[in-house]
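Sharing a structure below in structure tokens format, with a few things to ask.
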Amino acid sequence: MSEVKRYQVVLFYSVSHTLRAEKLLKKEKIPIKVIPIPRHISSNCGVCIRFLEEHREQIEKALEGRVDFDSIHSFNPR
Amino acid sequence: MSNIIYFDNAATSWPKPKETLEAMERYFCDIGASPGRSGHRLAIEAGREVLATREALAEIFGTGDPLRIVFAKNATEALNIAIFGLLKPGDHAITSSMEHNSVMRPLRAMENRGLELSVIPCSLNGELSPDDVVAAIKANTRAIILTHASNVTGAIMPIAEIGKIARDHEVLFCVDAAQTAGVLPIQVKEMFIDLLAFTGHKALCGPQGTGGLYIREGLENIIRPIQRGGTGSKSEFEAQPDFIPDKYESGTPNTIGLYGLGAGVRSVLDRGVEHIRNKEIGLAQHFINGIKAMPEVVHYRCGDISKQIAVVSFNIKGMSPSDLTLILDETYGIMCRSGLHCAPSAHRTIQTFPTGTVRFSFGYYNTVDEVNFSLEAISKIISSK
Ligand SMILES: Cc1ncc(COP(=O)(O)O)c(C=O)c1O
């Protein structure tokens, strides 16, 4: 049986911030995906960045001092 | 030579690089969506391109963080955000007598609400003395608001020097770069610029309806927005977001325009600001040399050619500026602008108020042949007077 991939999402203050982060993270070659913010996480309209749990530290480090983010949540598509 | 010669680039640049139109066409045909709102792929793609435009501007102005670029519909709107957002009754502000009405009118309106305003007189050549600025600074001076170059004479202001003075006196420095963004090097950090207003449709080679304001880090905490509304962010709250750029960017943006602006700025970066400047100023110098040899022409010069942009104001003795521009258009196909150029104070300074001048403003696509043709036209007009 294959192991279930565990995802998290990082939320930003705006789409501009999200897409800026997307660009920086892609430059660092961290696998990510921009997705609409899941309803159960926030009622905010807009998008967030989904990533594999094991990349969390790498992502926090890459964003530090470059793009402020709002919060990180665990996210597992059912 | 085609039958149109366009010497009105200080009003708006034309033609534009083909990349500008191609980017706008790409948006129109393939994207179409609103950035920063919905989460589908077209909306995200539009958002990416709008961000790329901020990044190109951050590069050309040396701002670092691209999110410090706030979009507006032109330099005028950007200056209104800066002036009405920052200044309060009881504050003192300093500006020059060479300003465009996009600076002067908001400042005069604030003066009616209790702002103290010092307008520093410039010389007949439109030169500003930094010593006069220092002498005008008082305990309640909040900001110095200054054009980077005059749209009437082309005179370049000593921006870096005034920036240093502002920083030393802990006064905020706001620059109107409508005439210079894309033709003169601008580095906000080295020049101590706190607020930089730019327009997209002149030398940055974008379409009309684009422009913006660079806001130095931290100033978003003290600059009020002049409009409030939907931003696509913090939608659960009824209060305006307090972070940049959303605080100042309410409503659906001019996405197609921002696609064009991004392509325009990248074409400027590819050509190089230095190269563009050299080409344009070469044409201006050639034209100035030509009219110098005509005793009937009065040129409102600004000292050394290195201290001006490719804008030249002149008159033919005994002929009104509007008559001259009409003949230039109808008989010679030369497009230029006469009158006061939205800058009555600048015309008072160079003593051409209220008649104004004829203004030729050269752009990247003009040629020496066109300049020669215009010199012949002017000399024919003089001899048939
Ligand atoms: C010096 C100067 N400042 C401001 C502006 C205003 O630019 P816009 O009309 O794009 O707002 C112009 C040109 O129109 C200008 O020449």
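The values are calculated or read from the model by the stated rules, or taken from the named source; none is laboratory data. Remember, it's a predicted structure, so these values are computed and weren't measured experimentally. Glycine also receives a Cβ, built like all others from the backbone with ideal geometry; neighbour counts cover every protein chain displayed. The area values use the complete protein model at the heavy-atom level, side chains included, leaving out ligands, DNA and RNA. Shrake-Rupley method; radii C 1.70, N 1.55, O 1.52, S 1.80 Å.
Quick one: how many residues across segment A:1-19 are in contact (Cβ under 8 Å) with a residue 12 or more places away in the chain, buried (at least 23 other Cβ atoms within 10 Å of the Cβ) and not hydrophobic (A, V, I, L, M, F, W, C)?
The number of residues fulfilling the criteria is 3.
Let me ask something else about it. Which residue out of A:Lys27, A:Lys33, A:Lys23 is more than 11 Å from chain B (Cβ to nearest Cβ), of a type outside the set (Ser, Thr, Tyr) and surrounded by fewer than 17 Cβ atoms within 10 Å (Cβ to Cβ)?
A:Lys27
A further question follows. How many of the residues in segment B:152-167 are open to solvent by less than 10 Å² (accessible area, probe 1.4 Å) and either within 16 Å of the ligand (Cβ to nearest atom) or within 14 Å of chain A (Cβ to nearest Cβ) (or both)?
7
Collect the residues in segment B:313-338 that are touching a residue at least 24 places away in the same chain (Cβ under 8 Å) and of a type in the set (Lys, Arg), keeping them in residue-number order.
The answer is B:Arg337, and nothing else.
Which ones in segment B:168-191 are touching a strand residue (DSSP E or B) at 6+ places or on another chain (Cβ under 6 Å), open to solvent by 10 Å² or more (accessible area, probe 1.4 Å) and either at positive phi or near the ligand (Cβ under 9 Å from one of its atoms) (or both)?
B:Ala178, B:Gln179
Checking the condition touching a helix residue (DSSP H, G or I) at 6+ places or on another chain (Cβ under 8 Å), away from every other protein chain (no Cβ under 14 Å) and not β-branched (Val, Ile, Thr), which residue from B:His92, B:His100 passes?
B:His100
Shifting gears a bit: For the structure I just gave you, tell me whether B:Ile276 is within 14 Å of chain A (Cβ to nearest Cβ) and touching a residue at least 60 places away in the same chain (Cβ under 8 Å).
No: the conditions fail for B:Ile276.
Right, something else. Residues B:Arg348, B:Arg359, B:Arg337: which one is closer than 22 Å to B:Thr147 by Cα, among the basic types (Lys, Arg) and touching a Cys at 6+ places or on another chain (Cβ under 9 Å)?
Selected residue: B:Arg359, the only one of B:Arg348, B:Arg359, B:Arg337 that is closer than 22 Å to B:Thr147 by Cα, among the basic types (Lys, Arg) and touching a Cys at 6+ places or on another chain (Cβ under 9 Å).
Can you say whether B:Ala109 is open to solvent by 30 Å² or more (accessible area, probe 1.4 Å), away from the ligand (no atom under 14 Å from the Cβ) and farther than 22 Å from B:Val152 by Cα, as far as the supplied structure shows?
yes
Also, I was wondering about something else. Testing B:Phe71 on (1) within 16 Å of the ligand (Cβ to nearest atom); (2) more than 14 Å from chain A (Cβ to nearest Cβ), one condition comes back false. Which one is that?
(2) is the only condition that B:Phe71 fails.
Now, a different point. Please specify each residue of segment B:192-208 satisfying the condition of being among the small types (Gly, Ala, Ser), within 10 Å of the ligand (Cβ to nearest atom) and under 21 Å from B:Tyr364 (Cβ atoms).
B:Gly200
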